[in-house]
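The structure appears below as structure tokens.
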Amino acid sequence: MENKTESTTNEELVELLQAAGQGTPEAAGIMAELWERNINLVRLTVHRLTGMDYSETGFEDMEQQAYFGFHAAAFHYSPAEGLRFSTYVTNRIKWELCRYYENNGYTVRIPAFMRQRIRDGEKKRRQIEAETGAAATMETALKSLCLSPAAIASTLEAYRKMEAASLEAEAYGSSEGDSVSLLDRLADNADVETDVIGEVWQQELHELLFRALREVPEELRRVVVQHYFTGLSLSCIARESGITKQTAHEREQKAFQTIRAGRYSAELSEFCPTQSSRERAERLIKQEREAVERLRLTDDERGLLAL
């Protein structure tokens, strides 16, 4: 079984699972492999929604609840819906966890990515105040971080809830009665997200982005690759190519337009659903530049970057 499914995609494994049927030994084996293959994605989803870290008491219970959503998703998934399995199962897990919280009267805590965003905002706010000598609001700080309107709105909502509770109000830990402030709860623990670098969702992004880049005309793709993968500035690219900086900028924008209008636009947008299309394209390519050294490239992909 392992040899048979080693190189299959999530979608292909799910197809095999559904063909085997619920309750069969074959289905149990496929489900175990599918779960193991996606376990880091599951843990990341739990972490982001609940704010719990992997080693924290209660995380295992949440992971068990996530399994119920994962199991249901595997048997109900249909590629005809136009979503990758990883996207579909993430949404199903979120639904399962939210239902569990509601049924048990729990409150979802501020997830790690939101805590980090609030920390960044606080740091920026203090920086602005130091530079201007005047008071600055969190909203001003977040806007200066170039976040999307949706991200700013959600961060402000979380921040105001924290303000209402008072950052210095004491919250008692459940283990030994130790008291900590809500501000202390913003402190970083090991971030589960680092565990998923190079895992299924990262590999999917990698493969999808390379397919999208192949759709871009070579003259335009050259600027994108040199700027985001090689790290050259537009001025340097213009100088080496014998063109103006404005022309280099225009070619880069045309490349992004090609990606946005291309057949992979909808799939790419799933990775950053709250960003505008232009910001999505730029951010994904920047992310790929950081990840490309950690991934094993095919000869074809190496050729694409060796422009």
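The values are calculated or read from the model by the stated rules, or taken from the named source; none is laboratory data. Values in this document were obtained by computation on a predicted structure and should not be read as measured data. Because the Cβ atoms are built from the backbone with ideal geometry, glycine has one as well, and the counts that use them run over all protein chains shown.
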**Study point:** One residue from A28, A66, A73, A20 being surrounded by fewer than 16 Cβ atoms within 10 Å (Cβ to Cβ) and of a type outside the set (S, T, Y)
**Key:** A28
Point to revise | Boolean, F68 is closer than 14 Å to C98 by Cα and among the aromatic types (F, W, Y) | key: yes
Check your understanding: If you take the residues in the stretch 31-63 that are among the polar types (S, T, N, Q) and part of a helix (DSSP H, G or I), which one is surrounded by the most Cβ atoms within 10 Å (Cβ to Cβ)?
Key -> T45
Check your understanding: If you take the residues in the stretch 55-86 that are among the polar types (S, T, N, Q) and farther than 14 Å from I39 by Cα, which one is modelled with the highest pLDDT?
Key -> S78
Review point. Given the residues K94, K124, which is the only one that is of a type in the set (K, R), surrounded by 13 or more Cβ atoms within 10 Å (Cβ to Cβ), over 30 Å from L13 (Cβ atoms) and at pLDDT 75 or above?
Key: K124
Review point. Before we move on, is H227 at pLDDT below 85, of a type outside the set (D, E, K, R) and farther than 30 Å from K123 by Cβ?
Key: no
